[in-house]
1. Could you identify the single residue in Gln326, Gln322 that is assigned by TED's automatic domain parsing to the domain that holds Asp432, free of Cβ contacts under 8 Å to residues at least 60 places away in the same chain and more than 17 Å from the chain's Cα centre (by Cα)?
2. Could you tell me whether any residue of region 265-272 is in a loop (DSSP other than H, G, I, E, B), buried (at least 16 other Cβ atoms within 10 Å of the Cβ) and under 25 Å from the mean Cα position of the chain (by Cα)?
3. Does Gly307 satisfy the criteria of being crowded, with 18+ Cβ neighbours inside 10 Å and not assigned by TED's automatic domain parsing to the domain that holds Asn113?
4. In the list Ile309, Ile295, which residue meets the criterion of being more than 25 Å from Leu435 (Cβ to Cβ), in a strand (DSSP E or B) and either of a type in the set (Gly, Ala, Ser) or in contact (Cβ under 8 Å) with a residue 24 or more places away in the chain (or both)?
5. From the list Val262, Val320, pick out the single residue that is touching a strand residue (DSSP E or B) at 6+ places or on another chain (Cβ under 9 Å), of a type outside the set (S, T, N, Q), farther than 25 Å from Asp140 by Cα and buried (at least 24 other Cβ atoms within 10 Å of the Cβ).
6. So Glu403 clears everything in (1) part of a loop (DSSP other than H, G, I, E, B); (2) in contact (Cβ under 8 Å) with a residue 40 or more places away in the chain; (3) closer than 30 Å to Leu226 by Cβ; (4) touching a Ser or Thr at 6+ places or on another chain (Cβ under 6 Å) except one condition, right? Which one?
7. Pull up region 226-285, narrow it to residues that are of a type in the set (Gly, Ala, Ser) and at pLDDT 90 or above, then point me to the one that is nearest to Val165 (Cα to Cα).
Amino acid sequence: MKEIVIVGGGFAGVEAAWQAAERGARVRLYEMRPVRQTPAHRTDKLAEIVCSNSLKSDEPGTAPYLLKEELRRGRSLVLEVAAQTRVPAGAALAVDRHRFAELITERIEAHQNITLVREELTRVPDDAITIIAAGPLCSDALTEEIVRLTGDDQLYFYDAIAPIVAADSIDQSIAFKAARYGKGGDDYLNCPMSEDDYRRFYEALVEAKSVPLQRFEETRWFEACLPIEELARRGFDTPRYGPMKPVGLIDPRTGREPFAAVQLRQENLMADAYNLVGFQNHLRYGEQARVLRLIPGLEQAEFLQYGQIHRNTYIRAPRVLQATMQMRERPHTFFAGQISGVEGYVESVATGWLAGVNAARLAFNRQLVEAPSQTATGALARYVSQARTDNYQPVNITFALLEPMAEAERKRFRKKRERHGRQVELALTQWDQWLREMQTDEAATPQAARR
């Protein structure tokens, strides 16, 4: 049995390592931190979260829930640890980022089949099964190696980090606890804004000075993660129809919906820090303090972390990858995570899960598998292997990516919510059957070969 080399200790890398190791494969996991740091990471922990601490909705009947549930049933390490470190976030799954990374690191270091190597890997071995899960912030040297392997120019987009403020610096005589539409109780703090408040904030925001972008060819924002100032430049009302929308929130001081609202989500289990939801930005630090303190309730805000920007790199995956996450021209090399063109923590976990499963199967000379067509994991794999490449963009999981329902099913379930519930039901049925078949096949591997 060949050893599996995995490049990168982020969400996709640790999940791939865990799945391969749990199937008896020997894994060598390379993580360059702390020998070499990235522009955004702060620690040497695996699966360190540098952006939002939310893994998005875990509300049954939604596409993000479906993807999480598939992974839970597939015994995902990341989803297991996320459940252990969960913090209140309404219908979303959010984690204490520090405890989460600590537990992931402990589990990986303790696994008998995983060797963690703290050094930068700049050359992908030609004679080893390899999973490239370096993430969007891979080093320049590894980026050049990826370009050599894929024969394609690298693509950039920019991803920005939201600010975090100290809980005791928030004026809670103004900010009130509530979740939108009452979902999840009172897990968020909300800063209400009148029209005059919003106008002052908006004008300051669009005039604020940004950190200049350097060393990059062009700016390509990912539409689902636009910096707040870029969103504001699209129009006066754009932010309040986006992250600052007031719908579903009632200001207890007035008994009405405010003109706009800023939501703050608990950052850790201690509840001593909150992040500004949707307020990722790349303003100068002084400008951030000036502009964000115009938000009612944040006039005296103490910033534990300012927003910042970093580069994300991803390949034109449909030209390169199969639905197994293997390269077409180099089938012993896999890609996983955001480098493959998925966006989001759980989406990265799903591609890492699939790459890890298939790398182990390749190591044991078993036929590789494709995730079922109706499932969320299958939809992501189909996207990265079959999407059009003329304007290939990273994606989050949505029902639009899933296979359309049969016409007869659509007629039975005319309401969107009912259709989505039915899609989740069908997907999980197909996923469970696939897992059972795969587990039966893997159980047939001679025990000696699994050591």
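The values are calculated or read from the model by the stated rules, or taken from the named source; none is laboratory data. Small disclaimer: the values here were computed from a predicted structure and weren't measured. When we count neighbours, we look across all protein chains shown, and the Cβ atoms used for this are built from the backbone with ideal geometry, even at glycine.
1. Values: Gln322 fails: free of Cβ contacts under 8 Å to residues at least 60 places away in the same chain.
Being assigned by TED's automatic domain parsing to the domain that holds Asp432, free of Cβ contacts under 8 Å to residues at least 60 places away in the same chain and more than 17 Å from the chain's Cα centre (by Cα) holds for just one of Gln326, Gln322, which is Gln326.
2. Within region 265-272, the first condition is being in a loop (DSSP other than H, G, I, E, B), and the residues that meet it are 267-272.
Remaining after also requiring buried (at least 16 other Cβ atoms within 10 Å of the Cβ): 267-268.
Those left that are additionally under 25 Å from the mean Cα position of the chain (by Cα): 267-268.
Among the residues of region 265-272, at least one is in a loop (DSSP other than H, G, I, E, B), buried (at least 16 other Cβ atoms within 10 Å of the Cβ) and under 25 Å from the mean Cα position of the chain (by Cα), which makes the answer yes.
3. On the way: crowded, with 18+ Cβ neighbours inside 10 Å: yes; not assigned by TED's automatic domain parsing to the domain that holds Asn113: yes.
Yes, satisfied.
4. Working: Ile295 fails: in a strand (DSSP E or B).
Going through Ile309, Ile295 in turn, the sole match is Ile309.
5. Numbers: Val320 fails: farther than 25 Å from Asp140 by Cα.
From the options Val262, Val320, the qualifying one is Val262.
6. In the conditions (1) part of a loop (DSSP other than H, G, I, E, B); (2) in contact (Cβ under 8 Å) with a residue 40 or more places away in the chain; (3) closer than 30 Å to Leu226 by Cβ; (4) touching a Ser or Thr at 6+ places or on another chain (Cβ under 6 Å), Glu403 misses (2) alone.
7. If we filter region 226-285 for residues that are of a type in the set (Gly, Ala, Ser), which is where we start, we get 232, 235, 242, 248, 255, 260-261, 271, 273, 278.
Narrowing further to those that are at pLDDT 90 or above: 232, 235, 242, 248, 255, 260-261, 278.
Values: Ala232: 22, Gly235: 27, Gly242: 21, Gly248: 24, Gly255: 27, Ala260: 20, Ala261: 16, Gly278: 14 Å.
Checking each candidate, the answer is Gly278.
Yes or no, residue by residue, for (1) touching a Phe, Trp or Tyr at 6+ places or on another chain (Cβ under 8 Å); (2) surrounded by 23 or more Cβ atoms within 10 Å (Cβ to Cβ):
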position: Phe335; (1), (2): no, yes
position: Ala371; (1), (2): yes, yes
position: Gly378; (1), (2): no, yes
position: Tyr383; (1), (2): no, no
position: Lys415; (1), (2): no, no
